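Accompanying notes for the structure given below.
The values are calculated or read from the model by the stated rules, or taken from the named source; none is laboratory data. It should be emphasised that the depicted structure is a prediction, and the values quoted were computed from it without experimental measurement. Positions of Cβ are backbone-derived with ideal geometry, glycine not excepted, and every protein chain shown enters the neighbour counts.
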Amino acid sequence: MSSILPPADWKDRFVPTLEALVFIRDQIRSGVMPELFIGRLDVYALRAFVLGVHFHQFCCGQKDQQYMAFIDWLRDVCKEFPSPGGWETKYLADEGGDHRAAIMRFLDRCAEFVAMSKGT
């Protein structure tokens, strides 16, 4: 796929969605292009990526409770998962059509939730 190497501790274990998304965030912040992960600089491509991860998990019999808790938090606490449209449409509108900013906003929220969860 690319020269980006996943963390060694991912080998032979289930990697939760948020852990993968925070890894992607860190890679982008270090200069890696988002397109290497989602194909094109498009917030809807990131949404499709996340949906694909969940389909794969479903097919493998995995349940990612942390990601589901994140979605609840995004919707109920942050008020950033409106219907219709979801986070991707809201963030894109909030960021004035800037797909990169909308993508980073979502990934930053993922990292925020992970950090907050570790503090509990």
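Numbers for the structure displayed
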item: Any chance residue 69 is surrounded by 12 or more Cβ atoms within 10 Å (Cβ to Cβ) and either under 12 Å from the mean Cα position of the chain (by Cα) or β-branched (Val, Ile, Thr) (or both); result: no
item: Every residue from the stretch 75-91 that is within 17 Å of residue 44 (Cα to Cα) and not aromatic (Phe, Trp, Tyr); result: 80, 82, 83, 84, 85, 86, 88, 89, 90
item: Residue within the stretch 64-74 that is over 20 Å from residue 23 (Cβ atoms), out of contact with any His (no Cβ under 7 Å at 6 or more places or on another chain) and among the hydroxyl-bearing types (Ser, Thr, Tyr) present; result: no
item: Search result, residues across the stretch 42-66 that are of a type in the set (Phe, Trp, Tyr) and surrounded by 11 or more Cβ atoms within 10 Å (Cβ to Cβ); result: 44, 49, 58
item: Residue check for residue 108: in a helix (DSSP H, G or I), acidic (Asp, Glu) and under 21 Å from residue 7 (Cα atoms); result: yes
item: Residue match in the stretch 16-25 (condition: surrounded by 15 or more Cβ atoms within 10 Å (Cβ to Cβ) and over 17 Å from residue 116 (Cα atoms)); result: yes
item: Pairs, first modelled with pLDDT under 90 in the stretch 3-16, second assigned to a loop (DSSP other than H, G, I, E, B) and not hydroxyl-bearing (Ser, Thr, Tyr), C-beta under 6 Å, six or more apart; result: 14/62
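Residues are listed down the side, and each one gets a yes or a no for (1) touching a Gly at 6+ places or on another chain (Cβ under 8 Å); (2) part of a helix (DSSP H, G or I); (3) touching a residue at least 12 places away in the same chain (Cβ under 8 Å):
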residue: 20; (1), (2), (3): no, yes, yes
residue: 24; (1), (2), (3): no, yes, yes
residue: 46; (1), (2), (3): no, yes, yes
residue: 56; (1), (2), (3): no, yes, no
residue: 78; (1), (2), (3): no, no, yes
residue: 84; (1), (2), (3): no, no, no
